[in-house]
Amino acid sequence: VRTLLSDSKVEVNTKGHDYQTPLHVAAIEGHLGCVKALLEDKRVEVNSCDDKKITPLSHAAQTGNKEIVELLLDDSRVDVTKVDEDGKTALHMAAHSGNTDLVQILI
């Protein structure tokens, strides 16, 4: 991932299936190292939304990945107030999924 990111010609925010970016996929799949590498690249749009207007933070909160949620929250560019097409924030996603430890972090 770092090798790809070192190439300034690589489009780091390319959207694929369901309009998800590489950061979405890394957050959903729990790839902590990839999330770290992507966040180091300031070209990465950390609040990018997929086809349901869900951000990488909300996906990580929904899947219960505490390390990735914390990593994303450490990035000052991440907007915790972004809502999806149903008006849900990452906090709503964590609560709805029963991830109470993440609810405490997101409050």
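The values are calculated or read from the model by the stated rules, or taken from the named source; none is laboratory data. A quick note: this is a predicted structure, and the numbers were derived from the prediction, not measured. Every residue, glycine among them, receives a Cβ derived from its backbone with ideal geometry; neighbour counts consider all protein chains shown.
Annotations
- Any hit, segment 31-50, residues being closer than 22 Å to residue 88 by Cα and in a helix (DSSP H, G or I): no
- The condition of being over 21 Å from residue 4 (Cα atoms), of a type outside the set (A, V, I, L, M) and assigned to a loop (DSSP other than H, G, I, E, B) holds for only one of 101, 84, that being 84.
- Reported count of residues in segment 86-99, each being buried (at least 17 other Cβ atoms within 10 Å of the Cβ) and closer than 19 Å to residue 25 by Cα, is 4.
- For segment 11-41, the tally of residues that are touching a residue at least 40 places away in the same chain (Cβ under 8 Å) and more than 14 Å from residue 55 (Cα to Cα) stands at 0.
- Single residue of 51, 79, 74 found to be of a type outside the set (Gly, Ala, Ser), in contact with a Phe, Trp or Tyr (Cβ under 7 Å, 6 or more places away or on another chain) and modelled with pLDDT of 95 or more: 51
- Filter result for residue 83 (hydrophobic (A, V, I, L, M, F, W, C), free of Cβ contacts under 8 Å to residues at least 24 places away in the same chain and surrounded by fewer than 19 Cβ atoms within 10 Å (Cβ to Cβ)): no
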